[in-house]
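The values are calculated or read from the model by the stated rules, or taken from the named source; none is laboratory data. Keep in mind the model is a prediction, meaning the values are calculated, not measured. We place every Cβ from the backbone using ideal geometry, glycine too, and count neighbours over all the protein chains shown. The protein model used for the area step is the full one, side chains on, heavy atoms only, and it has no ligands, DNA or RNA in it. Shrake-Rupley method; radii C 1.70, N 1.55, O 1.52, S 1.80 Å.
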Amino acid sequence: VTLGKITTLGNSTFEGCKLLKEISIPDSVTSMGESVFKSCSKLSTVTLSTQLQTIPKNTFELCTSLTSFEIKNNIKTIDDNAFTSSGLTSLTIPSTIETINSNVFSSCTNLLELNYPTKAIIVNPNIFTGCQQLTKLTIIGDENESSSVPDYEKDKQPWFAIRERISTIILNGKIETI
C-alpha cells in the first residue's frame, strides 16, 4: 500500500486486512490511532513515518508475519500491547525510547532476543509474559556518560517473569550500577 499526503491514520484503519503484506507510512503522517494494523496476519514489512513519536496501543497485535521491525529514533513511547502476539524474533529499542507501557511484547512466542536502553522506563513488569523463547537480553547504557539499570523491586523487574529462561544478559555502554 502506498499512501498519499495524509496526516493521520485513524483507529483500526487497516485492522484485519488479511492480505496486506507491506506498507510505508509517509512522513506527512504525524499521528496514528490504536489498532491500525491489528490482525494483519500477512504484514511483514512496515516503514513508519519519521514524524511519529508513539507506537500506539495494539498497533501490531496479532501481526504474525512481522518477524523484524526497526524502531526509528523519533519514537519516544511504545504503548500498551503494541506488539502483542506478533511474529517478532528480535528487536532493538533505540535509546530515544522513554516509556515502554504494559504488555508490549506479551505472547511474542518467537521472540528470541531483545536489546533495550537503560533509560527506558518500563511501566509494567509483564512486558515479556508469554515470551517462552526469549533467552537473550542486551541492556544498552549510554556510551558517553555513566548509567545504571533502573532499580526495580525484585518482582517488578521486566525480566522477572522470564528469569528462569534467560541464558544471556549483555550489558553495553558505560553501565556502572545494576
Q: Quickly rank 8-20, 69-81 as a protection proxy: mean count of other C-beta atoms within 10 Å, highest first.
A: 69-81, 8-20
Q: Compute the length gained on full extension between Asn74 and Arg165: take 0.36 nm times their separation in residues and subtract their Cα-Cα distance, giving the result in nm to one decimal.
A: 29.6 nm
(Q) Under the 0.36 nm per residue contour assumption, what length would be gained going from the current alpha-carbon distance of Thr129 and Asp27 to full extension? (A) 33.4 nm
Q. Dividing the convex hull volume of the alpha carbon atoms of segment 32-140 by its residue count, what do you get in Å³ per residue?
A. 76 Å³
**Q.** Long-range amide H partners of Thr138 with built H, under 5 Å
**A.** Leu114, Asn115, Tyr116, Ile170
**Q.** Point-charge dipole on Cβ atoms (K/R +1, D/E -1) for segment 4-91, about Cα centre, debye to 20
**A.** 160 debye
Q) With every protein chain kept in the model, how would you rank Glu22, Glu61 by accessible area, 1.4 Å probe, largest at the top? A) Glu22, Glu61
(Q) Show me, for segment 39-45, the HN-Hα J-couplings you get by feeding each phi into the Karplus relation (A = 6.51, B = -1.76, C = 1.60, θ = phi - 60°), rounded to Hz, glycine and proline as x. (A) 6, 8, 5, 9, 5, 10, 10
Q. Where the eigenvalues come from the Cα gyration tensor of segment 4-66, what are the semi-axes √(5λ) of the equivalent ellipsoid, largest first, in whole Å?
A. 18, 12, 10
Q. Given the pairs Lys76/Lys136; Lys42/Lys76; Lys18/Lys119, which span a C-alpha to C-alpha distance of over 31 angstrom in this model?
A. Lys18/Lys119
Q | Amide H contacts under 5 Å for Ser24, placed H, 5+ residues apart | A | Leu3, Thr47
